[in-house]
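Undergrad: Okay, handing you the structure first.
The values are calculated or read from the model by the stated rules, or taken from the named source; none is laboratory data. Being a predicted model, the structure only gives us computed values, none of them experimental. So basically every Cβ, Gly included, is an ideal-geometry build from the backbone, and we count neighbours across all protein chains shown. Quick note on the areas: whole protein, heavy atoms, side chains included, nothing else; ligands and nucleic acids left out. Shrake-Rupley method; radii C 1.70, N 1.55, O 1.52, S 1.80 Å.
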Amino acid sequence: MNWQTLFNPFSKFSEKTLLAIGILASILLIIACYFTDTKMDSLLHFSPAKDLSFNSIALYTIISLIYAIVLLFILGKIFNSKTRIIDIVNAVLVSQVPVIVIVLGTKLIKLDKISKQIAETSAQNKVLDINIFDLMYLMVFSFGSLIFIIYSFVLLFNGFKTATNIKKWQHIVIFAFVLLVGILICQTFLPQFKL
């Protein structure tokens, strides 16, 4: 396996293989969200989901993924009328593979406990009272999460680029802008629905 395969599997594997990987990643993401009491508000955005059923968490995840697919498919069609839906589906779903690691990581390092401890000491205007090892875990997790988020974005971009055959820098800027605005819109409105 070389770097090209790792960062752009869309040019290496068949669409059926990518779809199978993407569907498996989506299922694992739903399970990871349920296990960590997290819901997906939009692509690359998660929030606490205490007391939500498995079905509700699955619905939030599926709606977020479908929203991203529709948004990027419309943009892809604007850039290139030959853009196929399967290629956009694969780009969105495969880009979620690194996200699973981040979601599971929140549970493994007890991020909710550390966050609560920081919030409590901040609210009482105290000096931060946190275990040094918890702080180190938090720093390592934050850095690792950033790397996985960048990797997820790279996968999404390379999948979109392969699907649409974009080459102009203007298209890349528009892609980034539309994706960012789309994520903000979804994470603003999706939590308003009680699923």
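Undergrad: For the range 30-118, give the magnitude of the charge dipole about the Cα centre (Cβ charges: +1 Lys/Arg, -1 Asp/Glu; no others), in debye to the nearest 20. Could the numbers behind the result be given before it?
TA: Working: 9 positive and 5 negative charges, 20 e Å.
Dipole size: approximately 100 debye.
Undergrad: Given a Förster distance of 30 angstrom, what is the FRET efficiency for residue 23 paired with residue 70, based on the Cβ-Cβ distance and rounded to 0.05? Spell out each step's value before the answer.
TA: Numbers: r = 18 Å, r/R0 = 0.58.
Efficiency, rounded to the nearest 0.05: 0.95.
Undergrad: I would also like to ask the following. Among 29, 57, 10, which residue has its Cα furthest toward the positive end of the charge dipole of the range 1-102, with +1 on Lys/Arg Cβ and -1 on Asp/Glu Cβ?
TA: Working it through, the farthest residue towards the positive pole turns out to be 10.
Undergrad: Using modelled backbone amide H atoms (1.01 Å from N, in-plane), which distant-in-sequence or interchain residues come within less than 5 Å of residue 38's amide H?
TA: 49
Undergrad: Which residue fluctuates most in the GNM of the chain (Cα springs below 10 Å): 180, 104, 43?
TA: The residue with the greatest mean-square fluctuation here is 180.
Undergrad: Per residue, what volume in Å³ does the convex hull of the Cα atoms of the chain enclose? Spell out each step's value before the answer.
TA: Values: hull volume 27.6 nm³, N = 195.
So the per-residue Cα hull volume is 142 Å³.
Undergrad: Can you work out the FRET efficiency for the pair residue 81 and residue 180, with r the C-beta to C-beta distance and R0 = 25 Å, to the nearest 0.05?
TA: Using R0 = 25 Å, I get an efficiency of 0.55.
Undergrad: Around residue 69, what is the net charge, scoring Lys/Arg as +1 and Asp/Glu as -1 over all other residues with Cβ under 14 Å from its Cβ?
TA: Every neighbour counted, the sum reads +1.
Undergrad: Can you list the DSSP H helices in the chain whose Cα atoms extend at least 20 Å along the helix axis and whose mean Kyte-Doolittle hydropathy is -0.5 or higher? Spell out each step's value before the answer.
TA: Working: long enough: 15-35 (29 Å, 1.98); 54-79 (37 Å, 2.08); 132-164 (48 Å, 1.59); 169-189 (30 Å, 2.02).
Counting only whole DSSP H runs, the qualifying helices are 15-35, 54-79, 132-164, 169-189.
Undergrad: Charges only on Cβ, +1 for Lys and Arg, -1 for Asp and Glu: so what's the dipole of the chain about the Cα centre, in debye to the nearest 20?
TA: Working: 16 positive and 9 negative charges, 116 e Å.
Its charge dipole is roughly 560 debye.
Undergrad: Considering only protein heavy atoms, what per residue accessible area in square angstrom results for the range 1-57 with a 1.4 angstrom probe?
TA: On the way: 3340 Å² over 57 residues.
Per-residue accessible area for the range 1-57 comes out at 59 Å².
Undergrad: Quick one: Debye curve from the C-alpha atoms of the range 41-93, no solvent, what's log10 I(q)/I(0) at q = 0.13, 0.19, 0.24, 0.29 Å⁻¹?
TA: Reported log10 I(q)/I(0), two decimals: -0.39, -0.66, -0.87, -1.09.
Undergrad: Short version: what are the Cα gyration tensor semi-axes of the range 1-43, square root of 5 times each eigenvalue, largest first, in whole Å?
TA: 26, 12, 9
Undergrad: Return the sequence-ordered ³J(HN,Hα) values of the range 42-49 in whole Hz as given by the Karplus equation 6.51 cos²θ - 1.76 cosθ + 1.60 applied to θ = phi - 60°, using x for Gly and Pro.
TA: 5, 4, 6, 9, 10, 9, x, 9
Undergrad: Among 159, 144, 76, determine the one that fluctuates most according to a GNM of the chain built with springs between C-alpha atoms less than 10 Å apart.
TA: 144
Undergrad: A further question follows. Less than 12 Å Cβ to Cβ from residue 57, Lys/Arg counted +1 and Asp/Glu -1: what total charge do the surrounding residues give? Show your work: numbers first, answer last.
TA: Working: positive: 39, 50; negative: 37, 41, 51.
It works out to a net charge of -1.
Undergrad: Would you mind counting up the charge near residue 164? Only other residues with Cβ under 10 Å from its Cβ, with Lys and Arg at +1 and Asp and Glu at -1.
TA: Local net charge: +4.
Undergrad: Would you mind telling me the share, in percent, of accessible area of the chain contributed by carbon and sulfur at probe 1.4 angstrom?
TA: The C+S portion of the solvent-accessible surface of the chain is 71 percent.
Undergrad: How much length would be gained if the chain were fully extended between residue 3 and residue 167, taking 0.36 nm per residue of separation minus their Cα-Cα distance, in nm to one decimal?
TA: 57.0 nm
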